[in-house]
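Here the structure is laid out as structure tokens; the discussion comes afterwards.
Every number here is computed from the coordinates shown, using simple stated rules; none is lab data. Keep in mind that what you see is a predicted model, and the values were worked out from it rather than measured. Cβ: placed from backbone, ideal geometry, glycine included. Neighbour counts: every protein chain shown.
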Amino acid sequence: MQGSYTCTCATGFTGDGVTCYLVPDRPTNLSVTEINPTQVTVTWNVVNTSIVRELRVEYKGFGIHGTEWEIKSLQPEETETRLNDLIPDTTYLVRVGTFVSRLFMPHLHYAGET
């Protein structure tokens, strides 16, 4: 039968109207620790990584017009990274999320001034 169809995903899944994906668990206990005025360590706990293809740490200066998200791609089992070359006395927005296929599920966290 010809026509236009849209898929509806079951609970615990999300999709793009054509394909459904299992919703990954979000990283928990996100923490940002200053090392020095231009460098911080970001840590988190990751839960079930069996369906996660990639972990992403994204950060940008908060309130800076035109600033794009900087992205660090990591392996799903990693739980720490360093952000370098930050601008002193600038507040940054930092988020860590899991990536499954084309679906990115971020966990948002606002970092303090570096």
In which sequence would 20, 7 go, from the one with the fewest C-beta neighbours within 10 Å to the one with the most?
7, 20
Quick one: net charge of residue 56's neighbours, Cβ under 9 Å, K/R +1, D/E -1?
0
Under-5 Å amide H pairs with residue 62, H placed in peptide plane, nonlocal only:
91, 92, 93
How large is ³J(HN,Hα) for each residue in segment 33-39, as worked out from phi by the Karplus curve 6.51 cos²θ - 1.76 cosθ + 1.60 (θ = phi - 60°), to whole Hz, x for Gly and Pro?
10, 6, 9, 7, x, 10, 8
Please work out the FRET efficiency for the pair residue 39 and residue 7, using the Cβ-Cβ distance as r and a Förster radius of 41 Å; give the result to the nearest 0.05.
0.35
